[in-house]
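The values are calculated or read from the model by the stated rules, or taken from the named source; none is laboratory data. Bear in mind that the values here come from a model prediction, so they are computed numbers and not experimental data. FYI the Cβ positions are ideal-geometry reconstructions off the backbone, even for glycines, and counts take in every protein chain you see. Side chains included, ligands, DNA and RNA excluded: accessible areas come from the protein's heavy atoms. Shrake-Rupley method; radii C 1.70, N 1.55, O 1.52, S 1.80 Å.
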Amino acid sequence: MNVFLRLVTEPVRARTWRETGHLLLGPFVAVACLVALAAMLYAAVASITVVGLVALAAVVTAARGIGAIERIRVRQLLGLTIAAPPARTRTRPGLTGWVRDALSDVTGWRCLLYAVIAVPFGVAQAYVVTLWWCLALVTATYPLWYRVMPVRDGHRFDEIELASFWHWYPDRWPYPLLMSVIGLGGLLAAPWLVHGFTALDRLRLRLLTIGARHDEQVRTLRRRRDNAVEQAGAHLRRIERDLHDGAQVRMVALAMELGRAREELEQGVDPHQAAIRVATAHEEAKQALVELRELARGIYPAVLTDLGLDGAVPALIARCPIPVTADIDLDTRPPAPVEATAYFCIGELLANLSKHSAATTGWVRVRRSGNHLRVQVGDDGIGGAAVHPTGGLTGLTDRVDSIGGSLTISSPMNGPTLITVELPCGS
């Protein structure tokens, strides 16, 4: 029954008419393709001159417009989203550089190849679909209008050889009814013809998507590289600032106190006063060591190197003022970059939990599933956690994205909050 209903209702479905509209627009796209191909042929012939090369470069650049038109058409009528290729980057200065960049633009040449195929396909498909729908509709309604046809030799149609041979004339009953049945069959079959042509178009549209995924991967990798470089620069600036404002200041104070103590001892001043200065220098040395340890912990904690996440995460939890439970189950240690990223993510998320969540309890769960390490940090607080341009979660997102991971936030108002970090860790 479902198959029968599908067969009967397919001609009036919105999908059928969207696809029909897509195919009927084919000749208009073909006109644009013809213009581009004619310009390309002219430029190719004239390319023996400098002006011809510039014209050919302009045609290759303009060919990207064909791809843009097709992406709009299939998005609006077929609901198919084709990723736009990245904008062509300038690698060489001046007009000569622009021409060389344009002629080496793979996307532009791919669009020209698409134009070559689009011209015959677009025209032929639109012609067949238009003819099929019109003939099927005319034939299905034949009993309503066949009597208005002019009469010739007693028949309303010219007697073609086949009709004369079989003595079958469509103006004699029940032949008009048979014609209507044939027309209805054509109307029922038309959607499947449209779907078939559209399927061919989808295959043809792959010319526009070839390399698009690769281009998107290149853009993603470039963005991750830029984020990683920016993070590394910010990390180095923070280390420099911490050294300058912390340990360096204390080391300077230490040197000054020791210098004064030496001068007092050399001048025979009261040794007790010199001992006080040495004691002060000793305290400065201990404080400098504490600050250096804190700085080293921020670079790469020793407990993580020695014990892995199994030992480092409980140490993070112990410093959190809110009760947090840990559930860590790792058969093997992940690679060092992944392990460090997971550690710093947990540390930042626990800091956010203690500062902003107003929670009474929290939990940390670490699992390795196949080629991914999953870290989850949750709490029963007020929720509302989100990525803000100046917030800590933005830095975490960049850190996770730099190694190909993902960060997902589930934090409705009134809680609970669950933040999941997925990190690739190989096989």
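Given the options Pro174, Pro150, Pro143, name the one that is out of contact with any helix residue (DSSP H, G or I) (no Cβ under 8 Å at 6 or more places or on another chain) and modelled with pLDDT of 60 or more. Steps first, please.
Working: Pro150 fails: modelled with pLDDT of 60 or more; Pro143 fails: out of contact with any helix residue (DSSP H, G or I) (no Cβ under 8 Å at 6 or more places or on another chain).
Of the residues listed, the single one that is out of contact with any helix residue (DSSP H, G or I) (no Cβ under 8 Å at 6 or more places or on another chain) and modelled with pLDDT of 60 or more is Pro174.
Select from segment 392-427 the residues that are buried (at least 18 other Cβ atoms within 10 Å of the Cβ) and closer than 17 Å to Pro335 by Cα and write down the one among them that is modelled with the lowest pLDDT.
For segment 392-427, the residue satisfying everything is Ser402.
In this structure, is Tyr142 of a type in the set (Phe, Trp, Tyr) and surrounded by fewer than 19 Cβ atoms within 10 Å (Cβ to Cβ)?
no
Within segment 324-338, can you find the residues that are buried (at least 21 other Cβ atoms within 10 Å of the Cβ) and under 18 Å from Gly405 (Cα atoms)?
Residues satisfying the conditions are Pro334, Val338.
For segment 335-384, give me each residue that is among the charged types (D, E, K, R) and either in contact with a Pro (Cβ under 8 Å, 6 or more places away or on another chain) or in contact (Cβ under 8 Å) with a residue 24 or more places away in the chain (or both).
Within segment 335-384, Glu339, Glu348, Arg365, Arg367, Arg368, Arg374, Asp379, Asp380 meet the criteria.
Working carefully through the options Glu70, Glu19, Glu10, find the one that is more than 17 Å from Leu205 (Cβ to Cβ) and in contact (Cβ under 8 Å) with a residue 60 or more places away in the chain.
It is Glu10.
Looking only at residues that are open to solvent by less than 10 Å² (accessible area, probe 1.4 Å) and of a type in the set (A, V, I, L, M, F, W, C) in segment 351-376, which one is nearest to Cys320 (Cα to Cα)?
Result: Leu353.
For the subset of segment 305-318 comprising residues that are open to solvent by 30 Å² or more (accessible area, probe 1.4 Å) and touching a residue at least 12 places away in the same chain (Cβ under 8 Å), which member is nearest to Asn371 (Cα to Cα)?
Top of the filtered list is Asp310.
With in a strand (DSSP E or B) and not small (Gly, Ala, Ser) as the only criterion, which of Val366, Val400, Val387 stands out?
Val366
Go through segment 122-132 and report how many residues are surrounded by fewer than 19 Cβ atoms within 10 Å (Cβ to Cβ) and either in a loop (DSSP other than H, G, I, E, B) or of a type outside the set (Ser, Thr, Tyr) (or both).
Qualifying residue count, segment 122-132: 5.
With the checklist (1) farther than 30 Å from Gly186 by Cα; (2) assigned to a helix (DSSP H, G or I); (3) open to solvent by less than 60 Å² (accessible area, probe 1.4 Å) in hand, flag the one item Thr96 doesn't pass.
Status for Thr96: all satisfied but (3).
Of the residues Val29, Val45, Val35, only one is in a helix (DSSP H, G or I), of a type in the set (Val, Ile, Thr) and modelled with pLDDT under 80; which?
Step by step, each of Val29, Val45, Val35 is checked, and only Val45 is in a helix (DSSP H, G or I), of a type in the set (Val, Ile, Thr) and modelled with pLDDT under 80.
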